[in-house]
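The values are calculated or read from the model by the stated rules, or taken from the named source; none is laboratory data. These numbers come from a predicted model, not from an experiment. Because the Cβ atoms are built from the backbone with ideal geometry, glycine has one as well, and the counts that use them run over all protein chains shown. Ligands, DNA and RNA are excluded from the accessible area calculation, which covers all protein heavy atoms including side chains. Shrake-Rupley method; radii C 1.70, N 1.55, O 1.52, S 1.80 Å.
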There are 2 protein chains.
Amino acid sequence: MNEKTTADLEKLRDLIDGVDQQLLHLLRKRLDLVAQVGAVKHAAGVPIYAPQREASMLAKRRDEAEKMNISPQLIEDILRRLMRESYLNEKDVGFKQVKHDLGHIVVVGGEGQLGQLFTQMLTLSGYSVKSLDKNDWQRADALFDGAGMVLVTVPIKVTCDVIKTHLTRLPDTCILADLTSIKEQPVDTMLLAHKGPVVGLHPMFGPDVGSLAKQVVVVCHGRQAEAYQWLLDQIAIWGARIVEAEPVKHDKAMQLVQAMRHFSSFVYGMNLCKEDAEIDTLLQFSSPIYRLELAMVGRLFAQDPELYADIIFAQQGSQDVIADYLDNYRDALAMLKSGDRDAFVAEFKRVAKWFGDFAPQFQHESRAMLQSVNDMKTG
Amino acid sequence: MNEKTTADLEKLRDLIDGVDQQLLHLLRKRLDLVAQVGAVKHAAGVPIYAPQREASMLAKRRDEAEKMNISPQLIEDILRRLMRESYLNEKDVGFKQVKHDLGHIVVVGGEGQLGQLFTQMLTLSGYSVKSLDKNDWQRADALFDGAGMVLVTVPIKVTCDVIKTHLTRLPDTCILADLTSIKEQPVDTMLLAHKGPVVGLHPMFGPDVGSLAKQVVVVCHGRQAEAYQWLLDQIAIWGARIVEAEPVKHDKAMQLVQAMRHFSSFVYGMNLCKEDAEIDTLLQFSSPIYRLELAMVGRLFAQDPELYADIIFAQQGSQDVIADYLDNYRDALAMLKSGDRDAFVAEFKRVAKWFGDFAPQFQHESRAMLQSVNDMKTG
């Protein structure tokens with residue numbers, strides 16, 4: 001670069017720095033205004049996530065952007081990122097308390113990650129929450145006395161035992177709820193152990209989400225829905241969406257959605273390890289899509305093996321689903337080994353047809369993802 | 001909501017709308033300034049992607065944000081998104097031409113998606129590009145006459161045949177290059193067919209990337225590197241990073257990175273189809289992580305089956321890698337069926353150890369991804 005070029009670039013970069021300063025001030029102002037919206041909603045007990053308002057606001061901005069020759073997707077992406085930030089900040093003001101005459105809440109397994117998250121959310125909403133961990137059973141009766149709700153969030157493998165052994169003498173009006181990622185057995189067991197209101201919940205997210213906005217909580221009704229409706233309303237105020245489900249249907253879906261998927265990722269990591277692949281080399285040769293897929297496998301192994309063992313070993317039916325996948329894999333490999341390219345293409349087209357409109361939709365979605373992966377590159 | 005709440009929210013939303021107007025104006029201003037930077041760089045022939053400038057700029061903004069009690073990650077994410085937009089816009093001003101006395105370029109397979117992308121980039125950089133498609137062989141000699149470079153981008157299965165049959169009488173000084181996703185055979189074949197400069201390239205991205213900024217292009221040197229150095233410089237000006245590789249090592253990595261991975265996604269889709277899973281239901285029960293994984297599988301089936309057949313059937317060695325995965329899957333299933341939870345946990349820990357620092361790094365990366373997936377939800 002010659003001196004003129006360097007000087008020109010320097011001058012422009014100073015101007016850009018100036019724009020970025022203004023940008024920061026504007027962000028501060030917007031975050032403050034949205035925090036005020038949060039406070040008003042908090043006082044009125046309105047859910048923090050308003051899909052329609054969000055959609056209409058984004059549509060307006062996209063229009064305005066287009067008139068200024070700015071890509072509508074750019075402003076949408078920036079505003080979505082800003083909204084996420086505002087949802088995270090909602091926690092600072094707390095949430096409206098829906099039920100005032102509940103008595104206290106006992107979280108069984110309150111020291112676990114999910115237990116801590118729900119304890120935090122309930123506390124931020126004004127409830128009195130007590131934790132009961134596995135060494136606390138001697139003081140269980142004292143804790144349960146006067147409790148308005150007992151929320152069970154212990155490892156899957158002990159959930160039913162804990163319910164059967166320890167939760168049979170709750171006050172009649174006390175709500176018994178659980179957060180287990182399977183639902184048929186825990187809900188049945190709760191219904192047997194307790195005569196009062198029973199509800200099964202499955203929060204469809206990890207404990208590391210910063211906010212519950214837009215997350216999903218599956219609800220399996222047990223008994224006396226009117227007694228725990230406030231809890232569903234409370235969860236909606238946190239920003240999550242309630243999805244009702246039959247326990248059997250839910251559990252069947254989880255075999256595919258959780259057990260089979262996690263198992264495949266586990267085997268994929270095991271396979272890389274056995275091939276003794278060099279991760280560095282793989283990353284160097286990685287397109288954004290492979291980098292993302294590798295990250296999705298690698299993230300598994302940064303987490304608690306017991307948690308994944310729980311999920312994978314939880315349902316007998318998962319083994320069948322996993323075995324089916326193995327059979328399909330074997331068939332497909334035979335097709336590959338026979339060099340039958342036409343059969344591959346025909347099968348590909350058949351599956352594509354089955355995916356229908358979801359295939360292009362997923363392509364569209366994942367393209368945005370892959371662009372974000374690329375944005376994050378630093379060298 | 002009572003009237004007071006509604007009025008309060010209305011007032012705040014008007015203020016937010018006002019901030020968003022200012023935001024749009026600021027974005028317009030920043031895009032214009034960065035376009036000016038692009039024009040200066042264009043004139044000087046400086047690559048559009050400057051990692052160090054980017055890193056130091058982001059570090060400064062993060063500091064400033066922190067002082068204003070704004071999350072540093074927020075401003076970083078917004079600026080990265082803005083930079084992506086600016087890279088996309090670089091195309092509008094074109095790129096500095098590195099080599100002026102080349103003669104014209106012939107793209108063999110110029111009607112294909114990747115051929116079109118390279119034709120566009122070369123044209124934007126001032127080169128004269130002619131396309132030669134599979135029905136054009138009768139005018140090949142006329143096209144090759146005076147050509148400075150012939151770039152081959154035809155399906156893998158015919159690449160070597162096309163080179164052997166049609167590319168043996170190029171001018172001696174003409175560069176012969178290819179864009180095939182395997183490298184050993186094409187480079188060897190080019191070296192046999194042509195006496196002049198030869199280079200193998202593998203662009204590690206799909207043809208739907210909007211910009212080459214931060215993308216990777218693998219280079220396998222063939223012969224007379226000094227004659228095609230300008231091409232590597234030209235690609236760097238487009239913003240891509242050049243990674244040199246031995247063809248054999250590259251191809252081996254591709255068995256894992258492309259063939260095995262695409263094959264697994266293919267089987268996963270086939271499996272969903274055979275189980276006749278309801279995608280709607282699965283999505284309803286999906287955490288962000290599963291939604292992303294489903295999208296990564298589904299996107300495959302929105303694309304050309306021939307392309308994936310090409311990649312999967314290209315290398316004999318891929319079958320071994322795929323067969324190894326099947327073996328590992330079978331062993332892991334046996335462990336699951338025997339109910340040996342301890343063995344699962346032990347194996348999990350062993351793989352986690354092998355991943356080492358990459359596991360938490362991948363977890364960190366994918367968390368950002370998953371948050372973006374959640375941001376995109378609309379209901």
For this session: Quickly run through segment A:151-168 and pick out the residues that are at pLDDT 95 or above and of a type in the set (K, R).
Result: A:K164
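Do we find a residue being closer than 30 Å to A:V19 by Cβ and surrounded by fewer than 23 Cβ atoms within 10 Å (Cβ to Cβ) anywhere in segment B:123-138? Break it down stepwise before answering.
Of the residues in segment B:123-138, the ones closer than 30 Å to A:V19 by Cβ are B:124-125.
Filter again for surrounded by fewer than 23 Cβ atoms within 10 Å (Cβ to Cβ), leaving B:124-125.
Looking for residues that are closer than 30 Å to A:V19 by Cβ and surrounded by fewer than 23 Cβ atoms within 10 Å (Cβ to Cβ), one finds at least one in segment B:123-138, hence yes.
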Exercise. How many of the residues making up segment A:34-48 are out of contact with any Ser or Thr (no Cβ under 9 Å at 6 or more places or on another chain) and open to solvent by less than 30 Å² (accessible area, probe 1.4 Å)?
Worked result: 1
Problem set entry | Any pair with Cβ under 8 angstrom, 6 or more apart, that starts in segment B:322-335 at a residue that is open to solvent by 20 Å² or more (accessible area, probe 1.4 Å) and ends at one that is in a helix (DSSP H, G or I) and among the acidic types (D, E) | B:M335/B:E347
Problem set entry | So A:F362, is it at pLDDT 90 or above and either closer than 24 Å to B:S181 by Cβ or not β-branched (V, I, T) (or both) | no
Seminar exercise, completed: Apart from one, (1) over 20 Å from the mean Cα position of the chain (by Cα); (2) at pLDDT below 90 all hold for A:A295; the odd one out is (1)
Seminar exercise, completed: Per the filter on segment B:59-76, residues open to solvent by less than 40 Å² (accessible area, probe 1.4 Å) and part of a helix (DSSP H, G or I) are B:R61, B:A65, B:P72, B:L74, B:I75, B:E76
For this session: Go through the residues of segment A:187-205 one by one and say whether even a single one is in contact (Cβ under 8 Å) with a residue 40 or more places away in the chain, hydrophobic (A, V, I, L, M, F, W, C), touching a helix residue (DSSP H, G or I) at 6+ places or on another chain (Cβ under 9 Å) and within 17 Å of A:T153 (Cα to Cα).
Result: yes
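Among the residues that make up segment A:110-118, is at least one of them part of a helix (DSSP H, G or I), open to solvent by 30 Å² or more (accessible area, probe 1.4 Å) and either at the interface with chain B (Cβ under 10 Å from one of its Cβ atoms) or among the β-branched types (V, I, T) (or both)? Please lay out each step first, then the result.
Our first condition is that a residue be part of a helix (DSSP H, G or I); within segment A:110-118, this holds for A:113-118.
Subset that is open to solvent by 30 Å² or more (accessible area, probe 1.4 Å): A:113-114, A:116.
So of that shortlist, the ones also either at the interface with chain B (Cβ under 10 Å from one of its Cβ atoms) or among the β-branched types (V, I, T) (or both) come out as none.
No, there is no match, as no residue in segment A:110-118 is part of a helix (DSSP H, G or I), open to solvent by 30 Å² or more (accessible area, probe 1.4 Å) and either at the interface with chain B (Cβ under 10 Å from one of its Cβ atoms) or among the β-branched types (V, I, T) (or both).
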Exercise. Is there a residue being outside the structural domain of A:T180 (by TED's automatic domain parsing), within 19 Å of B:H250 (Cα to Cα) and crowded, with 22+ Cβ neighbours inside 10 Å anywhere in segment A:272-279?
Worked result: yes
Exercise. Just to be sure, is B:M376 open to solvent by 30 Å² or more (accessible area, probe 1.4 Å) and among the hydrophobic types (A, V, I, L, M, F, W, C)?
Worked result: yes
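Is it true that A:L179 is at pLDDT 95 or above and closer than 22 Å to A:Q120 by Cα? Walk me through it before giving the result.
On the way: at pLDDT 95 or above: yes; closer than 22 Å to A:Q120 by Cα: yes.
Answer is yes for this residue.
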For this session: Tell me, yes or no, whether segment B:65-85 has at least one residue that is of a type in the set (G, A, S) and modelled with pLDDT of 95 or more.
Result: yes
For this session: Give just the number: which of (1) in the same structural domain as A:D141 (by TED's automatic domain parsing); (2) part of a helix (DSSP H, G or I); (3) open to solvent by 10 Å² or more (accessible area, probe 1.4 Å) does A:M83 not satisfy?
Result: (1)
Exercise. What tally of residues in segment A:87-105 results from selecting those that are surrounded by fewer than 19 Cβ atoms within 10 Å (Cβ to Cβ), in contact with a helix residue (DSSP H, G or I) (Cβ under 8 Å, 6 or more places away or on another chain) and part of a helix (DSSP H, G or I)?
Worked result: 4
For this session: Quick one: A:P247 ticks every box in (1) under 10 Å from the mean Cα position of the chain (by Cα); (2) open to solvent by 20 Å² or more (accessible area, probe 1.4 Å); (3) at pLDDT 95 or above except a single one, so which number is it?
Result: (1)
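Given the residues B:V19, B:V46, which is the only one that is facing chain A (nearest Cβ under 7 Å) and in a loop (DSSP other than H, G, I, E, B)? Working first, answer last.
Numbers: B:V19 fails: in a loop (DSSP other than H, G, I, E, B).
Among B:V19, B:V46, only B:V46 is facing chain A (nearest Cβ under 7 Å) and in a loop (DSSP other than H, G, I, E, B).
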Exercise. Going by the structure shown, is B:L170 closer than 26 Å to B:G94 by Cβ and either among the aliphatic types (A, V, I, L, M) or touching a His at 6+ places or on another chain (Cβ under 9 Å) (or both)?
Worked result: no
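At least 2 residues that are farther than 19 Å from B:N271 by Cβ and at the interface with chain B (Cβ under 7 Å from one of its Cβ atoms) in each: list the helices (runs of 4 or more DSSP H) lying fully within segment A:282-379 that qualify. Spell out how you get there, then give the answer.
Details: elements: A:288-298, A:305-313, A:316-337, A:341-355, A:358-375.
By residue number, A:288-298, A:305-313, A:358-375.
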Problem set entry | Of all residues making up segment A:168-200, the number that are open to solvent by 10 Å² or more (accessible area, probe 1.4 Å), in contact with an Asp or Glu (Cβ under 7 Å, 6 or more places away or on another chain) and of a type in the set (A, V, I, L, M, F, W, C) | 1
Exercise. Of all residues in segment B:201-229, which are more than 12 Å from the chain's Cα centre (by Cα) and either surrounded by fewer than 18 Cβ atoms within 10 Å (Cβ to Cβ) or away from chain A (no Cβ under 14 Å) (or both)?
Worked result: B:H221, B:G222, B:R223, B:Q224, B:A225, B:E226, B:A227, B:Y228, B:Q229
For this session: Assess whether A:A352 counts as being in contact with a Phe, Trp or Tyr (Cβ under 7 Å, 6 or more places away or on another chain), closer than 18 Å to B:E278 by Cβ and surrounded by 15 or more Cβ atoms within 10 Å (Cβ to Cβ).
Result: yes
Problem set entry | Test: residue in segment B:27-34 that is under 31 Å from the mean Cα position of the chain (by Cα) and more than 8 Å from chain A (Cβ to nearest Cβ) | yes
